[in-house]
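The values are calculated or read from the model by the stated rules, or taken from the named source; none is laboratory data. Source: prediction; values computed, not measured. Cβ placement follows ideal geometry from the backbone for every residue including glycine, while neighbour counts extend to all protein chains displayed.
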Amino acid sequence: MITEKSVILQAGNKYIIHMKTYLKRTASAIVMAICSITAFCSCDNAGNDSGKARYIFVFIGDGMGAGHAAVTESYLSYQAGKLGGEELCFTQFPVLGTCTTYSADHHITCSSASGTAIACGEKTLNGYLGVNPDGERLKSIAYDLKEEGYNIGIMSSVPVNHATPASFYGHNTDREDYYNISMEIPESGFDLFGGSGFLQYSGKDGDKTPTPEVLESKGYNVCFGAEEFRQEMDSSEHIVFIQPSGKAENAGNYEVEKPDEEDSRLAEMLQMGIDFLGDDEPFFIMCEGGEIDWAAHDNMTMPMIDAVLRFNEAVETAYHFYLEHPSETLIIVTADHETGGITLGSNGTSTIYWDELVKAYEGGAVPATREEKRNLNDKVCIGWTTDNHTGAPVPLYAIGKGAEKFAGRMDNTDIKGKILN
């Protein structure tokens, strides 16, 4: 199918690079082309060639612009011993569009405003979540589809109550009111949640009932780690997957260090979600790769690449499912905004010095200060323009039933309607 390129494994402050390639790209291209034609030409099981897809995946690479994908593909090409040509799974999708991302009050959006725009189809203020500029509750696509009989899964590589996943179930005029946002999880009635843990685990001041206890009391089985999840999934109606590292404390933020070995990669989390929801009934899954944004805020090139590759693995998991249900499945991959203003090339050069960048991380010289990051990136000719979000449009990649609706220019508020219609 799709070539699984390479991943960056972190050990302390060292990066160990390795690559696995298990199919030729020519075969992958043929499969992609055949399946794309099938998706656009086939009818669903009921013989109906119109209507929504039965299985819908919306992937949000937080902060992932076209530059992040280009830099990652350049790195993959370097690993393959050539200048270019290597591709991520989602960049091979047959439909490409672009989304504008401005919020209701700023040229440059925050994640909660952009997440709300994608989920609810309306602009809101920066810092607002699931509500309009007047503070009135909005209805996300997840609620719409739940009413139509879809099972709903909301998952992220970062905390469950962070801005992007919360945009699909929460309503708050303060995106950082994490504890109260978590309290909306059981109120949603959604079937599956997954993430690294919870922010404000026991409330802002640590004096509230721990979030997992509240969720358990309201009918949600909270499982810490893949082993617990697999044991409980068949007997659970509503389930929340939390990484073992997120047990009994606030979820940790992004750090450049060795990941917890017990934690599942995003692709594994997604596969568990698919197995739990099954294919007997229609489902909608929103899956976020959150660390792309965090690494980009830090202008950390190699951790950003690692985050994109882990996100790409999750997309590959959905693509495997699509191959089994090509006429019934829609996969959309996009971003809530661009972070960092990254460019492939800087300082008037036409060469990226990957050897020097890789050696810097392998040798333990992980840049700590903003000046050190800037010096290293400048040296290898990877450009970063900011440590915050930008207003650049973001790409949208699509494949499957109804994918053609997502070609060309659109606003992020158009995504909900295009899926529902």
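Table for the structure above
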{"item": "Restricting region 366-395 to residues that are part of a loop (DSSP other than H, G, I, E, B) and without any contact (Cβ under 8 Å) to a residue 24 or more places away in the chain, the residue that is surrounded by the most Cβ atoms within 10 Å (Cβ to Cβ)", "result": "Ala368"}
{"item": "Pair list, Cβ < 6 Å and 6+ apart or interchain, from region 224-249 residues that are in contact (Cβ under 8 Å) with a residue 40 or more places away in the chain and of a type outside the set (Lys, Arg) to residues that are outside any helix (DSSP H, G or I) and surrounded by fewer than 16 Cβ atoms within 10 Å (Cβ to Cβ)", "result": "His238/Gly219; Ser245/Asp260"}
{"item": "Residue match in region 237-251 (condition: modelled with pLDDT of 95 or more and exposed (fewer than 15 other Cβ atoms within 10 Å of the Cβ))", "result": "yes"}
{"item": "Residue in region 353-399 that is farthest from Asp293 (Cα to Cα), counting only those that are out of contact with any Asp or Glu (no Cβ under 9 Å at 6 or more places or on another chain) and basic (Lys, Arg)", "result": "Lys359"}
{"item": "Pairs with Cβ under 7 Å, 6+ apart, first in region 77-95 and within 17 Å of Ile305 (Cβ to Cβ), second surrounded by fewer than 19 Cβ atoms within 10 Å (Cβ to Cβ) and among the aliphatic types (A, V, I, L, M)", "result": "Ser77/Leu83; Gln79/Met19; Glu86/Ala80"}
{"item": "Residues satisfying the stated conditions in region 267-318, i.e. under 19 Å from Cys223 (Cα atoms), out of contact with any strand residue (DSSP E or B) (no Cβ under 7 Å at 6 or more places or on another chain) and either among the charged types (D, E, K, R) or in a helix (DSSP H, G or I) (or both)", "result": "Ala267, Glu268, Gln271, Ile274, Asp275"}
{"item": "Number of positions in region 277-309 that are under 22 Å from Glu324 (Cα atoms) and surrounded by fewer than 20 Cβ atoms within 10 Å (Cβ to Cβ)", "result": "5"}
{"item": "Matching residues in region 148-177 - criterion: being charged (D, E, K, R) and within 20 Å of Glu249 (Cβ to Cβ)", "result": "Glu176, Asp177"}
{"item": "Close pairs (6 angstrom Cβ cut-off, 6 or more residues apart or separate chains): over 21 Å from Ala142 (Cα atoms) in region 103-117, outside any helix (DSSP H, G or I) and of a type in the set (A, V, I, L, M) anywhere", "result": "Ala104/Leu125; Asp105/Leu125"}
{"item": "Filter result (in a loop (DSSP other than H, G, I, E, B) and touching a helix residue (DSSP H, G or I) at 6+ places or on another chain (Cβ under 7 Å)) within region 123-159", "result": "Lys123, Thr124, Leu125, Asn126, Gly127, Tyr128, Gly130, Leu138, Lys139, Ser140, Ser157, Val158"}
{"item": "Qualifying positions in region 396-421 - in contact with a Gly (Cβ under 8 Å, 6 or more places away or on another chain), part of a strand (DSSP E or B) and of a type in the set (D, E, K, R)", "result": "Arg409"}
{"item": "Some residue of region 119-137 being in contact with a strand residue (DSSP E or B) (Cβ under 7 Å, 6 or more places away or on another chain), surrounded by fewer than 21 Cβ atoms within 10 Å (Cβ to Cβ) and over 20 Å from His337 (Cα atoms)", "result": "yes"}
{"item": "Residues (part of a loop (DSSP other than H, G, I, E, B) and surrounded by 16 or more Cβ atoms within 10 Å (Cβ to Cβ)) located in region 346-365", "result": "Ser346, Ile352"}
{"item": "Some residue of region 170-186 being outside any loop (DSSP other than H, G, I, E, B), within 20 Å of Asp263 (Cβ to Cβ) and aliphatic (A, V, I, L, M)", "result": "no"}
{"item": "Conditions (1) without any contact (Cβ under 8 Å) to a residue 60 or more places away in the chain; (2) surrounded by 24 or more Cβ atoms within 10 Å (Cβ to Cβ): number failed by Leu266", "result": "(1)"}
{"item": "Tally, over region 146-166, of residues that are surrounded by 20 or more Cβ atoms within 10 Å (Cβ to Cβ), touching a Lys or Arg at 6+ places or on another chain (Cβ under 9 Å) and under 26 Å from Pro282 (Cβ atoms)", "result": "4"}
{"item": "Among residues of region 398-418, those that are out of contact with any helix residue (DSSP H, G or I) (no Cβ under 8 Å at 6 or more places or on another chain) and surrounded by 15 or more Cβ atoms within 10 Å (Cβ to Cβ), counted", "result": "1"}
{"item": "Selection within region 74-94 - buried (at least 21 other Cβ atoms within 10 Å of the Cβ) and not in a loop (DSSP other than H, G, I, E, B)", "result": "Tyr75, Leu76, Phe90"}
{"item": "All positions within region 167-190 that are surrounded by 24 or more Cβ atoms within 10 Å (Cβ to Cβ) and among the aliphatic types (A, V, I, L, M)", "result": "Ile181, Ile185"}
{"item": "Complete set of residues in region 378-416 that are more than 28 Å from Glu316 (Cβ to Cβ) and under 25 Å from the mean Cα position of the chain (by Cα)", "result": "Gly383, Thr385, Thr386, Asp387, Asn388, Gly391, Asp411, Thr413"}
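Residue-by-condition table, conditions (1) within 15 Å of Ile332 (Cβ to Cβ); (2) polar (S, T, N, Q):
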{"position": "Leu376", "(1), (2)": "no, no"}
{"position": "Cys381", "(1), (2)": "no, no"}
{"position": "Thr390", "(1), (2)": "no, yes"}
{"position": "Gly400", "(1), (2)": "yes, no"}
{"position": "Glu404", "(1), (2)": "yes, no"}
{"position": "Ala407", "(1), (2)": "yes, no"}
{"position": "Asp411", "(1), (2)": "yes, no"}
{"position": "Ile415", "(1), (2)": "yes, no"}
